[in-house]
Structure formats: structure tokens, C-alpha cells
Amino acid sequence: MGTNPHYLAQEEDHKILDENVFYIENEYIKFGINTALGGTVTYLAEHGKNNLINSSDWGRQVQLSFYSGPVPYHPEGTEMGKNWTHTGWNPIQTGDCFFNRAKLVDYKVEGNTLYVKCIPMQWALNNVPGDCTFELWYTLDGKTVNVTARLNNNRSDKTQYRACGQELPAVYTNGEYYRIISYVGEQPGTGGKLTEIVSKNTGDRNWPSEFMLYPEGWVALVNDDDYGLGVYNPHTCAAVGGFAGGVELMGIGGAKDFQTATVSPTTCVILDHNIVYTFHFSLIVGDLTSIRKTALELDAKVDHRRFEFSKDRQNFYYLNTMDKGYGNQDCLDFDFEHDVWLRSPFIYVSAGECKKILLDAAFDGGEIEGVAGFRIYSESTTPERKGSPCSWAEVPFKLTGDGERRIHEIDISAIDKPYYTINLIFRTKGHAKVYSFELK
């Protein structure tokens, strides 16, 4: 999204950036949304400093972008951009690749919070509105913008498509802020050395986007003086990101120039036809030290070890099965047989920190057998990394499948390395109702 020179904005399009910005500010930062572009973020700067946000085309900015099936998404009678024929259902907040703009439905300020509601556009199609709405609540807090974001789906296609990686959100900075940096070691929160994930020294890893894992939950896009924008998301510790424009353009460029650095926190999510999907993120302005400090303070308030499924899937998803759909269940309710997976979102667990998985669940099927699979940590974001970013470990389990709801324990004490995802892989046939998932 938003990196192809065939879709660069022309001068008349760029006038939209200058003439339709609504600002709020506090004593530290100035923040602006564009009322002609679905209320997307086109301006964020500390007072006295340059705007951080790139808007060379309508796929940049800081904005919501969601993905689902079918792939490709090309309804009869619609025109698809020639460079986006691989794209599935993909409404985005600003507009489409033909420069048709999203529609802002409402925006208002209450205290230090700016509310936005819009009808997005299907990125790859010519003037096709999304069959959904986006809502965002932007709240200024010092040099941080804390955001609640929501997708309200209203699709006529009721198919439950597979989980897709989401941009939560998509963030594009100007070419000056080209270095992508985070902590990728095994001791998060201890002040360990940071790693340049993308820089002038990382060669062909600058683009296409690099997949990265970072256990402190934040990643920053900064300039040569270690100053720029941090992105924190409490729901994941994975992102995709890179630099478009080539090494020669790193370190220069403004909001209307093609070169850009980008980061999108990501995890896979099933987006039902009627889902109300809410997530949170923060944009942190400052130097690396202050970005890291603020992100760790935010993360300390989050429980990454317990997941309750009474209202939604908590970013868990399935491989080779499906459930009854959003709004039709108070738990994860699914059939399984050989090689059906229940997969967690990206969470970082230190070596030896958790000894067991507790499942508040009811299983049918007699004695249920399977394995708990773990994506083992490695310093996958270092420039020297070759091949697969992570290794894999498995622990066998057996569960009682008599239909009674109880706390089922899976012993994972044999896992003595840090890991990022947990997968329950079923090897026998049955049915599951999982009400909560907890690491202890």
C-alpha cells in the first residue's frame, strides 16, 4: 500500500494536504487530521520541529488499513489498479490508489480527545467505498497521542475468511526519519542495547518491508540524531516495515516527497462480515530514550498472559477450521481434527517465565491429543540474520474430552527458551469451547 511511484499525488492532489487540516495541540505537540482524507493523520510534530508524517500518496499517512478475503477482491463492474491485482478486501482510511478520497462522516473535539468517523475506500479499486466504517479517538498526553481505533463491518458477503495480517496501524514518516530501531534482545525492560533494523547499512532489507519482532512492544522511526516517532501497540510485538526510495534518499525529504520509512504493528485477525474490531496504539514523539521510557510505562499496565474470550477472539485465530462467527458465541467455539490449530497473537515470553497453559474450556471427543507448538525467539531483526527468523519447539499434551467445563492444564515447563507465539495443534477429532487462555 502506498509505495508505488505510479500512484504519486500530483500538485492538485497535494493542495488537499495543505487546505483541509484540522489541528489540536497541547504544550508539547501539534497534531492534525485531514478532513478531506477520511480524518487520517497528516501532521504530527513537536512545537518548533518538522512534521514527521509523509503524505506522498493516499496510501501513506498514519491510518487504518484492514485485510480480508476474497483475494483478489474485484467485484463485477469495478476497475482495479494494474499494480494491485493481488489485493484482497482492503479498505483504507485515506482513499484509493486512483486518488478517490474517503468520506469523513463526523469529527469533534471533547477535552483533549479528537473523535473521527469515516467511510473508507477499497485501496485497489476505482471509487469503491468500503462496506464498513472506521472510528478513532485520538487523545493527547504530553508528547504522546494515545489512540483507540475501531472497524465496524457491514459486509453482505458473510463468508468467514481466513485470518490476515493487519496494519495496526500503518505509519509512514518522511525520509528524514529513516532509521527503524527497537530492542530485540532476550531481556526486555532492562535497558539493553538497541538494534538498527533498517538503516543505510542494511542493504536489500530496506524494501520490500522487513518482518520484525521486538519484545518491548515498540518500534521507532528516527533521524541521524535519534529523534523521531515511536509506535507502541499493546496487542502485538511484531511489525512489518522498511524504507522506500533507496539508500541515497535516506535522511532527506518532507511530507510530499516519495521517499518514506514505514512501520505497521501487525498480528493476524479474522474479520467477520459484522465484526466490531477495536485495538489501541500510541504515537510517541521524542528521542529514543524518551520513546522507550514512555512505551515501557504504557506496557507495564497490560496483562499479556491472560486472554478472556467472552466478547471476542482476543486476536487468537484458527488454521484449518472456523467458528460460528462474531456475535454468535461467548467463547472460542470450534470443531477440530488432525492438524487443526488454535494460534495466539504475537506475545513475548521470557525463558522459564511460564510453566503451564491453563484452559478454561470444555472438550468433546474422549481423550484429546495434540502438541503445543512454540515459535522460539531469535534475534531475527539483526542485519546478520540469515534464513528463518525463528526456530520451533513442541510439547505433547492430552486433555479430557467429556464435555464438562473445567480448567485444563498443559505442562510447558520443558520449554526453556523465550518464545513469541503459542499454537495448540490438535491430532484427534473433537469439539472445543475455550473461555479463557492463561500462561502461569
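What does the extension gain come out to for E248 and Y107, with contour length at 0.36 nm per residue minus their alpha carbon separation?
That works out to 46.8 nm of additional length.
Taking R0 as 35 Å, what's the FRET efficiency between H431 and N127 from their Cβ-Cβ distance, rounded to 0.05?
The pair H431/N127 has a calculated efficiency of 0.20.
Once phi is turned into ³J(HN,Hα) by the Karplus curve 6.51 cos²θ - 1.76 cosθ + 1.60 with θ = phi - 60°, what whole-Hz value does each residue of the stretch 164-170 show in order, with x for glycine and proline?
Rounded to whole hertz, the list is 10, x, 10, 9, 10, x, 8.
Ignoring solvent entirely, what values of log10 I(q)/I(0) come out of the Debye formula for the stretch 1-152 at 0.09, 0.10, 0.13, 0.14 Å⁻¹ when each Cα is a single scatterer?
-0.28, -0.34, -0.57, -0.66
For labels at H280 and I376 in the simple 7 Å Cα→Cβ model, what's the distance in nm?
3.4 nm
Given points 7 Å out from each Cα along the Cα-Cβ axis, report the E409 to E308 separation in nanometres with one decimal.
2.4 nm
Loop only by DSSP, 10 or fewer other Cβ within 10 Å of the Cβ. Give me the trypsin sites (Lys or Arg not before Pro) in the stretch 42-111 that pass, ordered by residue number.
Answer by residue number: K82.
Give or take rounding to whole Å, what are the principal axis extents of the alpha carbon atoms in the stretch 201-311, in descending order?
Principal extents (Cα only, largest first): 51, 34, 25 Å.
Across the stretch 281-370, how many lysine pairs separated by 8 or more positions, or lying on different chains, have Cα atoms within less than 24 Å?
For the stretch 281-370, qualifying lysine pairs total 5.
Along the three principal axes, how long is the stretch 133-192 when you take its alpha carbons, biggest first, rounded to the nearest angstrom?
49, 30, 27
What length, rounded to one decimal in nm, is gained on full extension from E353 through to W341, with 0.36 nm per residue of separation minus their alpha-carbon distance?
Length difference between fully extended and current span is 2.0 nm.
Could you order F31, F98 so the one with the most accessible surface comes first? Probe is 1.4 Å.
F98, F31
Which percent of the accessible heavy-atom area of the chain goes to carbon and sulfur, probe 1.4 angstrom?
About 46 percent, which is the carbon plus sulfur part of the accessible surface.
Can you give me the long-range amide H partners of V198? Hydrogens built in the peptide plane at 1.01 Å from N, cutoff under 5 Å, separation of 5 or more residues or another chain.
Close amide H contacts, sequence-distant or interchain: I180.
Quick one: divide the alpha-carbon radius of gyration of the stretch 284-440 by 2.2 N^0.38 Å and tell me what you get.
1.15
Rounded to the nearest 0.05, what FRET efficiency do T159 and K398 have when you use their Cβ-Cβ distance and R0 = 41 Å?
Taking R0 as 41 Å, the efficiency between T159 and K398 is 0.75.
With a 1.4 Å probe and all protein chains kept in place, how much accessible area does D157 have, in Å² rounded to the nearest 10?
Ignoring ligands and nucleic acids, D157 comes out at about 50 Å².
How are the C-alpha pair distances of the stretch 113-263 spread across 5 Å bins, as whole percents from the shortest bin up?
All Cα pairs considered, the percentages come to 2, 8, 14, 18, 18, 17, 13, 7, 3, 1.
Determine the principal axes of the Cα atoms in the stretch 103-169, then give the extent along each, sorted from largest to smallest and rounded to whole angstroms.
42, 25, 20
Determine the sum of side-chain charges near T400: Lys and Arg each +1, Asp and Glu each -1, restricted to other residues whose C-beta is under 12 angstrom from that of T400.
-3
Return, for the Cα atoms of the stretch 182-259, the radius of gyration and Dmax in Å, separated by a comma.
Rg then Dmax for the stretch 182-259, in Å: 13.1, 39.
Top mean-square fluctuation among I270, I119, I368, Gaussian network model of the chain, C-alpha springs under 10 Å?
So, out of I270, I119, I368, the one fluctuating most is I368.
Excluding ligands and nucleic acids, what accessible area in Å² is computed for E135 using a 1.4 Å probe, to the nearest 10?
30 Å²
With all protein chains present and a 1.4 Å probe, how do M121, M80 order by accessible area, largest first?
Ranking M121, M80 by accessible area, largest first, yields M80, M121.
Over the Cα atoms of the chain, what Rg and Dmax result, in angstrom?
21.8, 67
Mind checking the full-extension length gain between Y28 and T190? Use 0.36 nm per residue of separation minus the Cα-Cα distance, one decimal, nm.
Value of the extension gain: 55.5 nm.
In whole Hz, with x marking every Gly and Pro, tabulate ³J(HN,Hα) for the stretch 276-284 from phi via Karplus 6.51 cos²θ - 1.76 cosθ + 1.60, θ = phi - 60°.
10, 10, 10, 9, 10, 7, 9, 10, 10
The values are calculated or read from the model by the stated rules, or taken from the named source; none is laboratory data. Note that the structure is a prediction, hence the values are computed from the model and not measured. We place every Cβ from the backbone using ideal geometry, glycine too, and count neighbours over all the protein chains shown. What goes into the accessible areas is simple: the full protein's heavy atoms, side chains included, and nothing from ligands, DNA or RNA. Shrake-Rupley method; radii C 1.70, N 1.55, O 1.52, S 1.80 Å.
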